[in-house]
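Please read the structure below before turning to the comments.
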Amino acid sequence: TQLLEQSPQFLSIQEGENLTVYCNSSSVFSSLQWYRQEPGEGPVLLVTVVTGGEVKKLKRLTFQFGDARKDSSLHITAAQPGDTGLYLCAGPINNAGNMLTFGGGTRLMVKP
Amino acid sequence: DAMVIQNPRYQVTQFGKPVTLSCSQTLNHNVMYWYQQKSSQAPKLLFHYYDKDFNNEADTPDNFQSRRPNTSFCFLDIRSPGLGDAAMYLCATSDKPGLAGVRLSDNEQFFGPGTRLTVL
């Protein structure tokens, strides 16, 4: 079974601080996705990383896929209250098709 | 805007009283999914449809059933809700079929806002 472990589980920071959250597995994934879920809403896709070592940037968010494609990180620069939410990483089950397995998530709170 | 719609957003039911949650999509996607998400946990896949082909996850309780009468609609029926079934239920869709070898980069899952189920 491919498992994704996310850390930390909870993170509370002040506006303007930087942070990094991690998604780790003992299994190789063909690709990984990051979703953000705001309270009371469904997850929304932020990015998909597909190549080992790949770095993608989305405004203040930087996503990296590990060289061995077993891990990924999300770095947020100068966090804002609007970044508050649950950050989920997800990968294809058995590296096949549409079925996703999700990590446990990192719940981020950014205080003004 | 094309989207995934879930109704109702909040549902309260009594222990053992059947309940149906609905999902509709205007994206014309082949695949529809139902997830259960308990507080502070990751979404857990219950089942999915590729067109009308139903696929049940091995550990989905028999208490949960699903119907997909057409491309646009999918329903989740909980026959006898227990207290442990209180959760957020998420519907999602995706475009391409879940075939081995299809890269996930080609497939994004689009989630609805969820239905929060309370069991009294």
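The values are calculated or read from the model by the stated rules, or taken from the named source; none is laboratory data. Just so it is clear, the model here is predicted, and its values are computed rather than measured. Note that each Cβ is placed from the backbone with ideal geometry, even for glycine, and that neighbours are counted across all protein chains shown. Just so you know, the surface numbers come from the protein's heavy atoms only, side chains and all, with ligands and any DNA or RNA stripped out. Shrake-Rupley method; radii C 1.70, N 1.55, O 1.52, S 1.80 Å.
Observations
- Built amide H within the under 5 Å cut-off of A:Gly104, gap 5+: A:Gln6
- Amide proton proximity set for A:Val47, modelled H, under 5 Å, gap of 5+: A:Trp34
- Around the amide H of B:Val12, modelled in the peptide plane, lie the amide H atoms of B:Thr118, all under 5 Å away and 5 or more residues distant in sequence or on another chain.
- Taking the 1.4 Å solvent-accessible surface of the protein assembly as shown as the whole, the part contributed by carbon and sulfur is 50%.
- Number of partner chain Cβ atoms within 10 Å, mean per residue of A:28-35: 3
- Model label points for B:Leu27 and A:Gln2, set 7 angstrom from Cα along the Cα-to-Cβ axis, are 1.9 nm apart.
- Neighbourhood charge, 13 Å Cβ-Cβ cut-off, centred on A:Ser26 and excluding it, Lys, Arg +1 and Asp, Glu -1: 0
- Computed from the C-alpha gyration tensor, the three semi-axes of the ellipsoid equivalent to the stretch A:5-111 are 23, 15, 12 Å, from longest to shortest.
- Loss of accessible area when B meets A, both sides summed, Å² nearest 100, probe 1.4 Å: 2000
- Where the protein assembly as shown is the region considered: accessible area per residue in Å², 1.4 Å probe: 47
- Highest-MSF residue in chain B out of B:Asn28, B:Asn55, B:Asn70 [GNM, Cα springs under 10 Å]: B:Asn70
- Drop in accessible area of at least 40 Å² in the complex versus isolated chain, residues of the stretch A:82-112, 1.4 Å probe: A:Gly97, A:Asn98, A:Met99, A:Leu100, A:Phe102
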